[in-house]
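Participant: Encoded as structure tokens, here's the structure I'll be asking about.
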Amino acid sequence: MKKFFWQLIGVIMLVPVLFLVGCGQSETQELRRVDTAMGTVVQQTVYVMGKNDRKNSLTGDILELIRKLEEETLSWRLETSETFQINTYAGSGKWVELSKELSQILEQCQKLTEDSGGAFDVALGPVARLWDIDSWAAGQRTGSFQVPGEQELTDALIQSGMGQVQIQFLPGEECADIYLEDGAALDFGAVGKGLALDEISNYLESDGHITGAVVSVGGSVLTYGEKPDGTAWRVGIADPGDPSVNMGILTLTGQWYISTSGDYERYVESGGVRYHHILDPGTGYPADSGLSSVTVLAENGLLSDGLSTACYVLGRERGMALAQLYGAEALFVEKDGEIYMTPGIEDLFRPVD
Ligand code: AMP
Ligand code: MG
């Protein structure tokens, strides 16, 4: 099934497809494209109005934004990124100056860590490395998976968490300084895709010719503007039991940031047990909060993505309270298939029979 999926992606990963909607001077063109970036599938449908010289390169430019964000800022793996460079200073006893962009991201992540009681934590790098999560996704694992030992996990947990990181803004400065204790490591896996959506939405707005778009980066989706025929955006919520089908549809108009965290997205099996990629910073093990997935709709991508991870770890009741603290909407799918949601999206969600 996995092989078939990648073959399918290979087939559809072609040059952008152009469709004409309407006619004459005010014609709207539909650009569609599917690629991989940030270790996941990126799908774009963009509606461009009139004569836009950049229309042929537009979807390529959007893809480039995502790759650049990964390569220059967020990746813990690529030497070219600021995060990688900062992590190398852990234990050096030195403070390092962050870029304005990463200063703002970290400030918001730190707030989400506090508001979630530590359920969301971008300084969980040592534990995430121990589980070797990224190799599950890349399908590069050879040999059988070894569940980390208790002692290894305890040691990694000691080096993990925002308690191992200090961030300091000097008065009037936009760039913060950061200090990492020995062994500490930042990992923006829980917000990277949402941050990509934030960059994309700024880009779409600045273009001036884009009337509508729906862009997904893995489990995070941005809807923007409207479709030429005026119908609403339809965003599917995967069935955690069989992610190839939707268990429900969100019908949305205008701009939304929608992120899903689910135990089916990345996992590995060992001894008949499934280990997924959303970790409980309290235990170091995959979160076991009674949920299979959480979908969050928030005012920006950082929040939709960060909150979906946090809410998954917290479980339904505490997750619901956190989402509401941020004025976000959330939909929880429990392990037994029961669905719960915040009142604000009851009218937007329809289960698939
Ligand atoms: P997501 O799929 O958005 O829920 O993010 C999961 C990814 O974020 C994982 O692959 C890890 O790299 C990282 N991660 C896992 N658990 C947490 C957590 N509790 N807080 C922050 N990042 C996490
Ligand atoms: Mg997330």
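The values are calculated or read from the model by the stated rules, or taken from the named source; none is laboratory data. Just so you know, these numbers come straight off a predicted model, no measurement behind them. FYI the Cβ positions are ideal-geometry reconstructions off the backbone, even for glycines, and counts take in every protein chain you see. SASA here: full protein model, heavy atoms, side chains in, ligands and nucleic acids out. Shrake-Rupley method; radii C 1.70, N 1.55, O 1.52, S 1.80 Å.
Participant: Hey, among the residues in segment 205-215 that are more than 18 Å from T253 (Cα to Cα) and either hydrophobic (A, V, I, L, M, F, W, C) or in a helix (DSSP H, G or I) (or both), which one's most open to solvent (accessible area, probe 1.4 Å)?
Facilitator: S206
Participant: Next question, about the same structure. Does segment 256-276 include one or more residues that are farther than 25 Å from A128 by Cα and either among the polar types (S, T, N, Q) or open to solvent by less than 70 Å² (accessible area, probe 1.4 Å) (or both)?
Facilitator: Yes: segment 256-276 contains one or more residues that are farther than 25 Å from A128 by Cα and either among the polar types (S, T, N, Q) or open to solvent by less than 70 Å² (accessible area, probe 1.4 Å) (or both).
Participant: Being within 24 Å of the chain's Cα centre (by Cα) and open to solvent by less than 60 Å² (accessible area, probe 1.4 Å) is the filter here, so list the residues in segment 151-173 that pass it.
Facilitator: Of everything in segment 151-173, those that are within 24 Å of the chain's Cα centre (by Cα) and open to solvent by less than 60 Å² (accessible area, probe 1.4 Å) turn out to be A156, L157, S160, G161, M162, Q164, V165, I167.
Participant: Return the residue satisfying two criteria in turn: it lies in segment 139-150 and is open to solvent by 70 Å² or more (accessible area, probe 1.4 Å) and touching a residue at least 12 places away in the same chain (Cβ under 8 Å), and of such residues it is nearest to L69 (Cα to Cα).
Facilitator: R141
Participant: Another question about this same structure. Provide a single number: the residues in segment 92-114 that are within 16 Å of ligand 1 (Cβ to nearest atom), open to solvent by 20 Å² or more (accessible area, probe 1.4 Å) and more than 16 Å from G282 (Cβ to Cβ).
Facilitator: Final tally of qualifying residues: 4.
Participant: Same structure again: Do we have any residue at all in segment 307-329 that's more than 30 Å from Q146 (Cα to Cα), surrounded by fewer than 16 Cβ atoms within 10 Å (Cβ to Cβ), under 20 Å from the mean Cα position of the chain (by Cα) and within 16 Å of ligand 2 (Cβ to nearest atom)?
Facilitator: There is no residue in segment 307-329 that is more than 30 Å from Q146 (Cα to Cα), surrounded by fewer than 16 Cβ atoms within 10 Å (Cβ to Cβ), under 20 Å from the mean Cα position of the chain (by Cα) and within 16 Å of ligand 2 (Cβ to nearest atom).
Participant: So is D187 part of a helix (DSSP H, G or I) and either farther than 30 Å from L252 by Cβ or at pLDDT 95 or above (or both) or not?
Facilitator: No, not satisfied.
Participant: Of the residues in segment 190-204, how many are surrounded by fewer than 24 Cβ atoms within 10 Å (Cβ to Cβ) and either in contact (Cβ under 8 Å) with a residue 12 or more places away in the chain or in contact with a helix residue (DSSP H, G or I) (Cβ under 6 Å, 6 or more places away or on another chain) (or both)?
Facilitator: Here the count works out to 5.
Participant: Of all residues in segment 130-148, which are at pLDDT 95 or above and out of contact with any His (no Cβ under 8 Å at 6 or more places or on another chain)?
Facilitator: L130, P148 - these are the residues of segment 130-148 that are at pLDDT 95 or above and out of contact with any His (no Cβ under 8 Å at 6 or more places or on another chain).
Participant: What number of residues in segment 240-255 are open to solvent by less than 40 Å² (accessible area, probe 1.4 Å) and either within 12 Å of ligand 2 (Cβ to nearest atom) or not in a loop (DSSP other than H, G, I, E, B) (or both)?
Facilitator: 5
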